[in-house]
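Visitor: If you scroll down you'll find the structure; I have some questions about it.
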Amino acid sequence: MSQQPSAAGAAQALPGHPFVAYHGAELQVENVRLSQLAADHGTPLFVYSKSAMLTALAAYQRGFAGRHAQICYAMKANSSLGVLQVFATAGCGFDIVSGGELERVLAAGGDAAKIIFSGVGKTRAEMRLALNAGIGCFNVESEAELDVLSQVAESLGLRAPISIRVNPNVDPKTHPYISTGLKDNKFGVAHEDTLRIYQHAASLKGLQVVGIDCHIGSQITDATPYLDAMDRVLDLVASIEASGISLAHIDFGGGLGINYNNDTPPAADALWAQLLRKLDERGFGQKKLMIEPGRSLVGNAGVCVTEVLYVKPGEQKNFCIIDAAMNDLPRPAMYQAFHAIVPLLAKSGDAPEVRYDVVGPICESGDWIGRDRTLAVKAGDQLAVLSAGAYCMSMSSNYNTRGRAVELLVDGAKVHVIRERESAADQMRLERLVAI
């Protein structure tokens, strides 16, 4: 099926991307033409819609209206300072997984008291950094981590606020690399060991037990795994509190999917209406709620603009070679993920429709962005890779000494540069030659 837009007619929003639309022949993000941004800033180029991010956030805010809740943006999805600033200004907390992410949140104006520190391998240095900053909570993922965190906190004369991440052994029905709640995943503590580990945590002088945490995976498009996980977590809450340990909050993690390729995840407010009904039915509706959405806030807010360098016909495959690559857009190579690819300009009539593999210039056969895409393109044309707001720039690299791309934040008709294009000199700045 062709992905070419019509050159005429009213504004035509792309499915799942209400702030990315064709206006006549031109693809725009909000009120800005992507072709103009490419001319001004070059390609590859990431463009994010501020309105798309805030609209996605508003669905969660509606879902939690009237509840004692804290939305913590899972910044591993996209950790660019300009993106963090949008969510900090909107009152969000942040879910971090490293000391570097902590420093980014603080640099973007985030509130340390609204930070949750997750991750299975926190170092003592990272624990000290977070404790001195006064973060809200550590999501602890092993019994050994409890002991180390208590020691670090005691050495600073502090008590570390903690919740324990529980592995509920619920199948999220997603890609195995982004499943986090099964028995063979590295995350969290086993469901059957949870009560004993909470009792151990409560005995440690450097810790203050404040909550319980659960996260089952990412790009989840079905409400059933969430409902199953909630039942298992609430069973644990009941048994933990019956043992005399009070839990002030329940953290249900994130993981809600987006529309990449005709995916139909539940809307955030609809999902949480179901979850809150269950919470009320089980008698825990008064608890403070914490959630950690990431992809669902930023994924469809971003596009990557790229130029066609060459079209290369072959006996078995035709290739559309673009200037974006797996270092810019790692998800296809890593997860065999689908991203829609559309032209910036409506079909001009001077290029035939051909089925292409859309590939980058990196010296790897795994450097592909899209398989079997029908496009009418020639060298010099520009394309938009959609759903590029999450796990693209944050997972980007300098492989083949390629500089990371420019990032722009669009707010109506305003355009803000939030990251300049990285040069080879930028990449080599911390390296040193030696006397030979």
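Readers should treat all values here as calculations from the given coordinates under stated rules, not as data from a laboratory. These numbers come from a predicted model, not from an experiment. Reconstructed Cβ throughout: ideal geometry from the backbone, glycine too, with neighbour counts over all protein chains shown.
Visitor: Arrange the peptides 391-398, 236-243 so that the one whose residues have, on average, the most other Cβ atoms within 10 Å appears first.
Guide: Descending mean neighbour count gives 391-398, 236-243.
Visitor: Now for a different question. Roughly speaking, what is the stretch gain from HIS23 to ARG196, that is 0.36 nm per residue apart minus the C-alpha to C-alpha distance, in nm to one decimal?
Guide: Full extension from HIS23 to ARG196 adds 56.3 nm.
Visitor: Ranked from highest to lowest mean number of other Cβ atoms within 10 Å per residue, what is the order of the peptides 418-431, 320-333, 219-232, 256-269?
Guide: Going from most to least packed, we get 320-333, 219-232, 256-269, 418-431.
Visitor: Moving to a separate point now. Going by a ≥ b ≥ c, the root eigenvalues of the Cα gyration tensor, does the chain fall in the rounded group (a/c under 1.5), the prolate group (a/b larger than b/c) or the oblate group?
Guide: prolate
Visitor: Measure out, as a whole number of angstrom, how far apart the alpha-carbon centroids of the stretch 388-413 and the stretch 348-367 sit.
Guide: Between the Cα centres of the stretch 388-413 and the stretch 348-367 lies a distance of 20 Å.
Visitor: Turning to a different aspect of this structure: Could you give the angle, 0 to 90 degrees to the nearest 10, between helix 194-203's Cα long axis and the longest principal axis of the Cα atoms of the chain?
Guide: Its long axis makes an angle of about 60 degrees.
Visitor: Which percent, nearest 5, of DSSP beta bridges in the chain are antiparallel?
Guide: If we restrict to bridges inside the chain, about 50 percent are antiparallel.
Visitor: In square nanometres and to one decimal, what's the mean projected area of the convex hull around the Cα atoms of the stretch 286-399?
Guide: 9.0
Visitor: I've got another one for you. Given a cut-off of 22 Å, what percent of all Cα-Cα pairs of the stretch 200-348 lie beyond it?
Guide: Working: 6276 of 11026 pairs.
Pairs farther apart than 22 Å: 57 percent.
Visitor: Using the alpha-carbon atoms, what tilt in degrees (0 to 90, nearest 10) does helix 143-155 show relative to the longest principal axis of the chain?
Guide: The helix 143-155 is inclined about 80 degrees to the chain.
Visitor: Using 0.36 nm per residue of separation minus the Cα-Cα distance, give me the extension gain between ASN400 and ASN261 in nm, one decimal.
Guide: 47.1 nm
Visitor: Something else now. Calculated from DSSP H runs of 4 or more alone, at -39500 (n - 2.57) each and per residue, what is the 222 nm mean residue ellipticity of the chain, nearest 500?
Guide: -8000 deg cm²/dmol
Visitor: Just in the stretch 315-414: which GluC sites (Glu not before Pro) are loop by DSSP and have at most 11 other Cβ atoms within 10 Å?
Guide: GLU315
Visitor: Same structure again: Using Cα-Cα distances under 8 Å and only pairs 6 or more residues apart, what relative contact order does the stretch 64-293 have, in percent?
Guide: Computed over the stretch 64-293, the figure is 19 percent.
Visitor: Between ARG371 and SER51, what length comes free when the chain is fully extended (0.36 nm per residue of separation minus the Cα-Cα distance, one decimal in nm)? Could the numbers behind the result be given before it?
Guide: Details: separation 320, 0.36 × 320 = 115.20 nm, distance 3.04 nm.
Gain on extension, ARG371 to SER51, equals 112.2 nm.
Visitor: In the neighborhood of MET326, defined by Cβ-to-Cβ distances under 14 Å, what is the net charge if each Lys or Arg adds +1 and each Asp or Glu adds -1? Present the calculation step by step, with values, prior to reporting the outcome.
Guide: Values: positive: ARG331, ARG371, ARG402, ARG404; negative: ASP323, ASP328, ASP357, GLU364, ASP367.
Surrounding charge for MET326 is -1.
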